[in-house]
Amino acid sequence: MSPLISSENVFQFCPRCGAKAFTQPDHRRRKCTLCGFEHFINAASAVGALIERPEHGLLLLNRANDPGRGLFGLPGGFVDPGETVEEALEREVAEETGLTLAKYTYFMSAVNYYSYGGVTYTTADLFFIAQPLSWETLAPCKESQALLFVPRSELALEKIAFPSLKTAVNAYLQKINPPSQTR
């Protein structure tokens, strides 16, 4: 288990009875010794879109807020309660870029650790290769300082905000533009 992940970061009081009487039977759950309530520490779901305009490059957001302020991100975000992964993808892309997706295909998943408000959340990030209906509605949102297209040759993984995004972008680059094989 990563040292970043700690059930103590989740909460310390039982949400059922209010007691500070949790034990930790294992790394993924806590149990209240007074009322028996068990809390399982699960991963949150998040989505990301790899949207490329071939003549311009991969669409990235320059993040306006922490975590990752000033670094690049992909359009995407958390899946809301009661929402499918596909609905979250379409909503997040529309909110962050103004784009409506014409089609998208599942690409890969990656584990991420997202620190916010003093709590580190484990996320299961699902990435999709996506294409918009039109580029005419492209516009940044308040969560990004700018939207930009970065050509594949200029993508710097160290400037990407989160490990899961770096993994997805790197895998995408390998798939789209695999390294040449020498003999």
Kindly point out, ordered by number, any Cys in the chain whose beta-carbon has no other cysteine beta-carbon under 4.7 Å away.
141
Whose amide H sits under 5 Å from the amide H of residue 19, counting only residues 5 or more places off or on another chain, with H placed in the peptide plane?
14
Which far-off residues, 5 or more places away or on another chain, put their amide H under 5 Å from the one on residue 37, with H placed in the peptide plane?
32
At 1.4 Å probe radius, can you tell me the per residue accessible area of the chain in Å²?
57 Å²
HN-Hα couplings for the stretch 157-166 via Karplus (6.51, -1.76, 1.60; θ = phi - 60°), in whole Hz with x for Gly/Pro, come out as 4, 5, 9, 9, 5, 10, x, 5, 5, 4
So which lysines pass the test for residue 20, namely a Cα distance under 22 Å, with those fewer than 8 places away in the same chain ruled out?
31
Can you list residues whose amide H is under 5 Å from residue 45's amide H, if they're 5+ apart or on another chain and H is modeled 1.01 Å from N?
79, 124
Quick check: from the Cα gyration tensor, does the stretch 56-182 come out rounded (a/c under 1.5), prolate or oblate?
rounded
Students often check this: by mean Cβ neighbours within 10 Å, which of 102-115, 154-167, 67-80 ranks highest, and how do the rest follow?
67-80, 154-167, 102-115
Share of carbon and sulfur in the accessible heavy-atom surface of the stretch 107-178 [1.4 Å probe, %]
53 percent
Per residue of the chain, what 222 nm ellipticity follows from adding -39500 (n - 2.57) for every DSSP H run with n ≥ 4, rounded to the nearest 500?
-4500 deg cm²/dmol
Give a residue-ordered list of calculated ³J(HN,Hα) values for the stretch 142-149 (Karplus: 6.51 cos²θ - 1.76 cosθ + 1.60, θ = phi - 60°; whole Hz; x for Gly, Pro).
5, 7, 10, 6, 6, 9, 8, 9
Karplus-derived 3J(HN,Hα) from phi for the stretch 124-132 (6.51 cos²θ - 1.76 cosθ + 1.60, θ = phi - 60°), whole Hz, x at Gly and Pro, runs 9, 9, 10, 10, 10, 8, 10, 10, x
Which angle from 0 to 90°, rounded to the nearest 10, does the C-alpha axis of helix 85-97 make with the longest principal axis of the chain?
60 degrees
Pair residue 152, residue 113: separation of 7 Å Cα→Cβ label points (nm)
3.2 nm
Cut-off 17 Å, label 7 Å out along Cα→Cβ of residue 28, residues of the stretch 113-137 by amide N:
113, 121-125
Assuming a strict under-21 Å limit between Cα atoms, what lysine pair count do you get for the stretch 47-183 once near-sequence pairs (fewer than 8 apart, same chain) are dropped?
4
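The values are calculated or read from the model by the stated rules, or taken from the named source; none is laboratory data. Everything numeric in this text was worked out from a predicted model, so none of it was measured. For neighbour counting, all protein chains shown are included, and Cβ atoms are generated from backbone atoms with ideal geometry for every residue, glycine included. Calculation scope for accessible area: heavy atoms of the full protein, side chains included, ligands and nucleic acids excluded. Shrake-Rupley method; radii C 1.70, N 1.55, O 1.52, S 1.80 Å.
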